[in-house]
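One structure below.
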């Protein structure tokens, strides 16, 4: 099952409602929401009120990516704001198993994010407990960065680990996704592609989403 998740970090915040309407009428399955605290990553984005506003405007799955320190402090607040999926960074979580269990107890799907330098085998013990793994194909914090080519190898290695569990664990990829690499990412084993600039800088965003999905 291939999914495109437009990242609203690249949307027009003066007309965010219009961009959500575009996503609603598109073939996108999820809406990707990047939450940054200026501590874990060198940028600040938006928080709970924006998630709450987006929830009111869509029935699409809200995929909330927490690029923050101590993410567990905010799981319940984002659940209450309307998040369906919470992903948080392996590098930011001291008690990973406890945090994954907490997300599940709150009724959401749980995913762990790996920065470009983090090998996939750090997830060997926790993988069967996860609903998805998000592989960063750029360094987190800013949109529009150059895609890191080693990502294909990481996806393939992670796919083998997932197959060994016998569970349906999705692989999501975030960063530098465009029409030139989406097909290769799906072929390597990705299930969900986050697309920001590629979608929102397009003259026809809905068509671009359809083109990305067609590469699966």
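The values are calculated or read from the model by the stated rules, or taken from the named source; none is laboratory data. Not measured: the values here are computed from a predicted model. Glycine gets a Cβ as well: all are built from the backbone with ideal geometry, and neighbour counts include every protein chain shown.
The condition of being touching a strand residue (DSSP E or B) at 6+ places or on another chain (Cβ under 6 Å), within 24 Å of residue 8 (Cβ to Cβ) and surrounded by fewer than 21 Cβ atoms within 10 Å (Cβ to Cβ) holds for only one of 140, 116, that being 116. For the subset of segment 1-21 comprising residues that are in a helix (DSSP H, G or I) and in contact with a strand residue (DSSP E or B) (Cβ under 7 Å, 6 or more places away or on another chain), which member is modelled with the lowest pLDDT? The residue in question is 9. Count of segment 196-208 residues, restricted to those that are buried (at least 19 other Cβ atoms within 10 Å of the Cβ) and in contact with a helix residue (DSSP H, G or I) (Cβ under 6 Å, 6 or more places away or on another chain), is 5. Taken over segment 152-173, the criterion of being under 22 Å from residue 36 (Cα atoms) and in contact with a helix residue (DSSP H, G or I) (Cβ under 8 Å, 6 or more places away or on another chain) is satisfied by 171, 173.
Just so you know, in segment 176-188 the residues that are at pLDDT 95 or above and closer than 21 Å to residue 89 by Cβ include one that is surrounded by the fewest Cβ atoms within 10 Å (Cβ to Cβ), and it is 185. Quick test for you: out of 81, 53, 110, pick the one residue that is at pLDDT 95 or above and surrounded by fewer than 17 Cβ atoms within 10 Å (Cβ to Cβ). After ruling out the rest, the residue left standing is 53.
Of the helices (runs of 4 or more DSSP H) lying entirely inside segment 120-216, the ones with 3 or more residues being touching a residue at least 40 places away in the same chain (Cβ under 8 Å) and closer than 24 Å to residue 84 by Cα are found at 197-200, 205-214. The set of residues in segment 180-192 that are under 17 Å from residue 145 (Cα atoms) and out of contact with any helix residue (DSSP H, G or I) (no Cβ under 6 Å at 6 or more places or on another chain) comprises 180, 181, 185. Among all residues of segment 161-172, there is at least one that is exposed (fewer than 15 other Cβ atoms within 10 Å of the Cβ) and either over 30 Å from residue 124 (Cβ atoms) or under 19 Å from the mean Cα position of the chain (by Cα) (or both). The number of residues in segment 59-69 that are surrounded by fewer than 18 Cβ atoms within 10 Å (Cβ to Cβ) and in contact with a strand residue (DSSP E or B) (Cβ under 9 Å, 6 or more places away or on another chain) comes to 2.
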